[in-house]
Amino acid sequence: MVEKTYQDLGFAKLDIGRAMRRGVPEVILCTGKEPSQLVLILKELAKYIDRDGFALATRAEDKHFEAVRQELGTKAQYFKEARLILIGPKPHKSTRGDITILTGGTSDIPVAEEAAITAEILGNQCKRIYDVGVAGIQRFFDNLTEIRKARVLIIVAGMEGALASLTSGLVAVPIIAVPTSIGYGANFAGFTPLLAMLNSCSPGMSVVNIDNGFGAAYMAHLINNMKTVSQN
């Protein structure tokens, strides 16, 4: 018989065994959830913080945090720009290598902060280099030496999404590209940079979904914490 590793709340079945399988506990998406539902979920996940390290909710709104704060008090932290709610302390940061996050413009920062804060919560050291898009390419080249020091790069860009391809041709580390919904009409709410990144001719770059800073951070964390496999 397969061991039951989820907690049934009726409206949600919480995967309380995920941290043991994957190293990271289940992360809760707030979109579509009532604040009262989120409170019950996070109160349950908080029971496992000593084992799992934290409980995290993404795409949170003020109403979600207010409800959680009333129940969990100072245990709850709200990163408003990143729209994240954290239960538990941030862990000590790993010294394995830096995850560096670039944005094409200032308007891309909320998605970049979702990636940066998530990566830090997962225990990574993060550097932020914002507003270095191709419209003022000198800003990018002024930071190229620092960009090349990263172990993993997350590139967050809207409009036409050209920053990811440009960066990929100049560095020797994995790149995770995040298209954003920032842009004028023909940006099509992020489809234009998504397709541009998927069609990039520069190898060594993967692409996550539109505005998915969380997904990019998760993948960057896995890469950053990989151990060298012995060939013997």
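Can you tell me which of 50, 108 is closer than 27 Å to residue 223 by Cβ and acidic (Asp, Glu)? Spell out the reasoning first.
Working: 50 fails: closer than 27 Å to residue 223 by Cβ.
From the options 50, 108, the qualifying one is 108.
Give 63, 80, 33 a once-over and let me know the one that is touching a strand residue (DSSP E or B) at 6+ places or on another chain (Cβ under 9 Å) and charged (D, E, K, R).
On the way: 63 fails: touching a strand residue (DSSP E or B) at 6+ places or on another chain (Cβ under 9 Å); 80 fails: touching a strand residue (DSSP E or B) at 6+ places or on another chain (Cβ under 9 Å).
Exactly one of 63, 80, 33 is touching a strand residue (DSSP E or B) at 6+ places or on another chain (Cβ under 9 Å) and charged (D, E, K, R), namely 33.
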State whether one or more residues within the range 80-93 are free of Cβ contacts under 8 Å to residues at least 12 places away in the same chain, in a strand (DSSP E or B) and over 30 Å from residue 140 (Cα atoms). no
Name every residue in the range 126-151 that is farther than 27 Å from residue 189 by Cβ and aliphatic (A, V, I, L, M), in order of residue number. 144, 147, 150
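Within the range 44-62, how many residues turn out to be outside any loop (DSSP other than H, G, I, E, B) and either in the same structural domain as residue 213 (by TED's automatic domain parsing) or buried (at least 16 other Cβ atoms within 10 Å of the Cβ) (or both)?
Initially, the range 44-62 is screened for residues outside any loop (DSSP other than H, G, I, E, B), giving 44-52, 55-58, 62.
Now drop any that are not either in the same structural domain as residue 213 (by TED's automatic domain parsing) or buried (at least 16 other Cβ atoms within 10 Å of the Cβ) (or both), which leaves 45-46, 48, 52, 55-58.
Residues flagged as outside any loop (DSSP other than H, G, I, E, B) and either in the same structural domain as residue 213 (by TED's automatic domain parsing) or buried (at least 16 other Cβ atoms within 10 Å of the Cβ) (or both) within the range 44-62 amount to 8.
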All but one of (1) in contact with a Lys or Arg (Cβ under 9 Å, 6 or more places away or on another chain); (2) assigned to a strand (DSSP E or B); (3) in contact (Cβ under 8 Å) with a residue 60 or more places away in the chain hold for residue 112, so report the exception by its number. (2)
Please indicate, with yes or no, whether at least one residue in the range 28-38 is closer than 30 Å to residue 174 by Cβ and more than 14 Å from the chain's Cα centre (by Cα). yes
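Consider residue 105 carefully, then state whether it is in the same structural domain as residue 210 (by TED's automatic domain parsing), buried (at least 19 other Cβ atoms within 10 Å of the Cβ), within 30 Å of residue 166 (Cα to Cα) and in contact with a Leu (Cβ under 6 Å, 6 or more places away or on another chain). Working first, answer last.
Numbers: in the same structural domain as residue 210 (by TED's automatic domain parsing): yes; buried (at least 19 other Cβ atoms within 10 Å of the Cβ): yes; within 30 Å of residue 166 (Cα to Cα): yes; in contact with a Leu (Cβ under 6 Å, 6 or more places away or on another chain): no.
Taking the combined requirement at face value, the residue does not satisfy it.
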For the range 130-181, name all the residues that are at pLDDT 95 or above and small (Gly, Ala, Ser). 177
Of the listed residues (178, 171), the one being touching a residue at least 60 places away in the same chain (Cβ under 8 Å) and aliphatic (A, V, I, L, M) is 178
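Hey, does the range 22-37 have a residue that's part of a loop (DSSP other than H, G, I, E, B) and over 24 Å from residue 67 (Cβ atoms)? Don't jump to the end; show me each part of the working.
As a first pass, look at the range 22-37 and keep what is part of a loop (DSSP other than H, G, I, E, B): 23-26, 30-34.
Applying the additional criterion that residues be over 24 Å from residue 67 (Cβ atoms) yields 23-24.
Yes: the range 22-37 contains one or more residues that are part of a loop (DSSP other than H, G, I, E, B) and over 24 Å from residue 67 (Cβ atoms).
So that you can scan it fast, the table gives a plain yes or no per residue for (1) under 20 Å from residue 158 (Cα atoms); (2) of a type in the set (Phe, Trp, Tyr); (3) buried (at least 16 other Cβ atoms within 10 Å of the Cβ):
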site	(1), (2), (3)
64	no, no, yes
74	no, no, no
78	no, yes, yes
110	yes, no, yes
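The values are calculated or read from the model by the stated rules, or taken from the named source; none is laboratory data. Small disclaimer: the values here were computed from a predicted structure and weren't measured. As a convention, Cβ positions derive from the backbone with ideal geometry for all residues, glycine included, and neighbour counts pool all protein chains shown.
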